[in-house]
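Derivation of every value follows stated rules applied to the coordinates shown; laboratory data play no part. Note that the structure is predicted; figures quoted are calculated from it, not measured. Here the Cβ positions follow ideal geometry from the backbone for every residue, glycine too, while neighbour counts run over all protein chains shown.
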Amino acid sequence: MIQMMTAYTTEVDEIEDGIAELLTQIDLNKLKKNSVGLITCHFDFAQTGFLAELQKRVSFDVIGMTTLASANNHGVSMYALSFSVLTSDDIVFDTAMSEPLGPDNYDEKIRALYDEVSVKTNGDPSMIISFFPYLEKLSGALMHNSLDKACKGIPVWGSLATNIDVSFERCHAFRNGVGVEDALVVLLMYGEVNPEFVVISIPEQNISDTRGMITESDGCIVKKINGMTAIDYLSSIGVKLIDKAPTVTPLMVYYEGSEKPVALGIYTIFDDGSLLCGGEMPIGATLAVGEINSKGIMETANKGVAKLLETGKKSGALILPCVTRYVMLTPDQNSEMQLIINTMKDTMPFMMGYSGGEVCPVRDDTGIPQNRFHNYTFSACIF
């Protein structure tokens, strides 16, 4: 069984004061046999030496990522650090950080990372928490796919790092006080964790009834839909993409065997009419166009929290919705976080940040969890 404890600070400049604030909220004397720390934070915490100093004060590994905004039972802010400790007598935790990842070596490096950390124990982990880098020249879907293959489908939950201006710069995944902008960090959990996963996508009423079939693609690039270039197909059904902000138009992809569609963003419009998307676009899959708006975001947040509570688990929850949701809620950006803290503050320990790309298993039509990479979703892992 896992117990989760949370702490929170916005004090980044006075490091001693910030660490003292965290350690007054978590009683390290109550830790069980095995423990691990998880952090989401503003990037300043990764650059001032705060994380390294915090690491000196605890006896366990700490991993995490930068994010746009953080929340837990103690507060909510863009400029905060949320610190959670998972502790257990029967679950074993192990962490690792990859070597720098790039377009030419990511598969090799991710496989090497998993092989290195998994040989330390007898048997495979029961689940993995992953914090991926946010890289301009390497998609999260490709990195996620490599980890999925390396671990042979063991459930993976996590996120891509992001930051307050949703750019590729200053996005860190970190381990034990060391932050690297192009490295993958993982937590392997051994034992009967039995997590529940919740992923809520675009509301049904925000998804078009018109479906097209992918007829030509290359990984995350969709080239043709119904035999037409992707951009021509979208034009034919009345959808005009915004050149400088194509990500505001979600594509709902119905993978073969999946019960629900996966929401993926459009990152780049190429001159030949093809589209670079936030996940794999396999030939034969069907897709529809979705709409993301504040009403739909709050509806899915409510549904996500309700499903989370319906699991009956109360040891703790990790919540990483898509960063686009925060941006699209302007001018009430904090409304999703405030909904969650108001509902869950006195219910169970929780940690929340915003994700540059959500990693969450979904069940196929036989009930078996399949690792998937998402955009726009409310994503949670409950213990």
In this structure, among Lys30/Lys313; Lys260/Lys345; Lys314/Lys345; Lys260/Lys303; Lys260/Lys307, pairs with alpha-carbon gaps over 18 Å are Lys30/Lys313; Lys260/Lys345
Taking just the alpha-carbon atoms of the stretch 1-89, what radius of gyration and Dmax come out, in angstrom? 12.1, 36
Rounded to two decimal places and with Rh computed the Kirkwood way over Cα pairs, what is Rg over Rh for the stretch 46-200? 0.94
GNM result for the chain, Cα springs below 10 Å: residue of Glu310, Glu181, Glu259 fluctuating most strongly: Glu310
Quick one: pull the percentage of alpha-carbon pairs in the chain with a separation above 33 Å. 26 percent
Taking r as the C-beta separation of Ser59 and Tyr79 and R0 as 35 Å, the FRET efficiency to the nearest 0.05 is 0.80
With +1 on the Cβ of every Lys and Arg and -1 on the Cβ of every Asp and Glu, the dipole magnitude of the stretch 208-289 about its Cα centre, in debye rounded to the nearest 20, is 200 debye
Distance in Å, no decimals, from the C-alpha centre of the stretch 34-71 to the one of the stretch 132-166 is 19 Å
Stokes-Einstein D for the stretch 208-289 (25 °C, 0.890 mPa s, Kirkwood Rh from Cα pairs), in µm²/s, comes to 200 µm²/s
Largest first and rounded to whole Å, the semi-axes √(5λ) derived from the alpha carbon gyration tensor of the stretch 169-256 read 35, 20, 14
